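As structure tokens, the structure follows; a few thoughts come after it.
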Amino acid sequence: MTDLSINLNKIALIRNSRDTHLPDVVEMATSIIAAGADGITVHPRPDQRHIRAEDCLALKHKINVELNLEGNPFTEPRASDRATVSDYPGFLSLVEQVKPAQVTLVPDGDEQLTSDHGFDLTQDGDRLRPIIDQLHQWGCRVSLFMDPDPTSMSRAAEIGADRIELYTEAYAKAHLNGSWAEILRSYQLSAAAAKEVGLGVNAGHDLNLSNLPDFVIPELEEVSIGHAFTVDCLLMGIEKAVAQYQLALGKTI
């Protein structure tokens, strides 16, 4: 069965809109886990616009499910512009402190509102290889954020990745207008190619209760969902939202 990992970034964004600790990220994570989520995902960015470094450390000590830490491995330390917020230590330094079960490497930058493309391994593969080796030494499973390109999967395995996370925005957009069957095929082929070279398969970005049931990928091990889940929590509450997403994945809780 496919695991449901809930991304807390948008919950943290609500907190950061005021000088307050509410909603408390750890309390929300605990409630989401109690409702039946299989994991928690966070994507701390250097500008700390939502999830902060200190949140990641707090979550490490407070949750009892898989923690997935996403980020750009090439980001450097950065001073915080707020006295009440700790400095960003750099992504790899943060991973070393947290040592999450899974690290998902994403090629994003400050100028991006959200992640909008996967790695080009012809360009970044050699730079990523020693980073992946280091992450393995820290006991982390490593996933690479990738576009649905079957020809890239062998390179991901070659440089040492354990999994890939398929970037699903293109599928989500196609699903809105009902023309998703063809593009879904590219995800299915990519997942099959990944499995053939020994990689696990995750997926995420703009997946929701409408399009998730149609995202039929037999190899799919984990989905990460944040924005749509946060919206659904406002509409139906945490317990029902988690149950509905698990149901969309073919599970009951």
Given the criterion in contact (Cβ under 8 Å) with a residue 12 or more places away in the chain and either more than 18 Å from the chain's Cα centre (by Cα) or farther than 23 Å from residue 249 by Cα (or both), identify the matching residue among 61, 50.
50
Do we have any residue at all in segment 120-142 that's more than 19 Å from residue 218 (Cα to Cα), out of contact with any Cys (no Cβ under 9 Å at 6 or more places or on another chain), modelled with pLDDT under 95 and polar (S, T, N, Q)?
yes
Are there any pairs, at least 6 apart or on different chains, whose C-beta atoms fall under 9 Å, with the first in segment 94-112 and basic (Lys, Arg) and the second at pLDDT below 95 and not in a loop (DSSP other than H, G, I, E, B), and if so, which?
99/60
In segment 140-194, what count of residues is obtained for those that are over 30 Å from residue 60 (Cα atoms) and among the aromatic types (Phe, Trp, Tyr)?
3
When you go through (1) assigned to a helix (DSSP H, G or I); (2) surrounded by 19 or more Cβ atoms within 10 Å (Cβ to Cβ); (3) of a type outside the set (Ser, Thr, Tyr); (4) touching a Ser or Thr at 6+ places or on another chain (Cβ under 9 Å) one by one for residue 170, which number turns out not to apply?
(2)
How about segment 17-34: which of its residues are polar (S, T, N, Q) and crowded, with 16+ Cβ neighbours inside 10 Å?
30, 31
Give the residue that is farthest from residue 139 (Cα to Cα), with candidates limited to residues of segment 156-167 that are without any contact (Cβ under 8 Å) to a residue 40 or more places away in the chain and either surrounded by fewer than 17 Cβ atoms within 10 Å (Cβ to Cβ) or of a type outside the set (A, V, I, L, M) (or both).
158
Name the single residue that is modelled with the lowest pLDDT among those in segment 90-119 being of a type in the set (Asp, Glu) and out of contact with any Gly (no Cβ under 9 Å at 6 or more places or on another chain).
116
Here is a list: 195, 240. Which entry is outside any loop (DSSP other than H, G, I, E, B) and closer than 30 Å to residue 125 by Cα?
195
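The values are calculated or read from the model by the stated rules, or taken from the named source; none is laboratory data. Here the structure is a predicted model, which is why all the values come from computation and not from measurement. Note: ideal-geometry Cβ built from the backbone for every residue, glycine included; neighbour counts use all protein chains shown.
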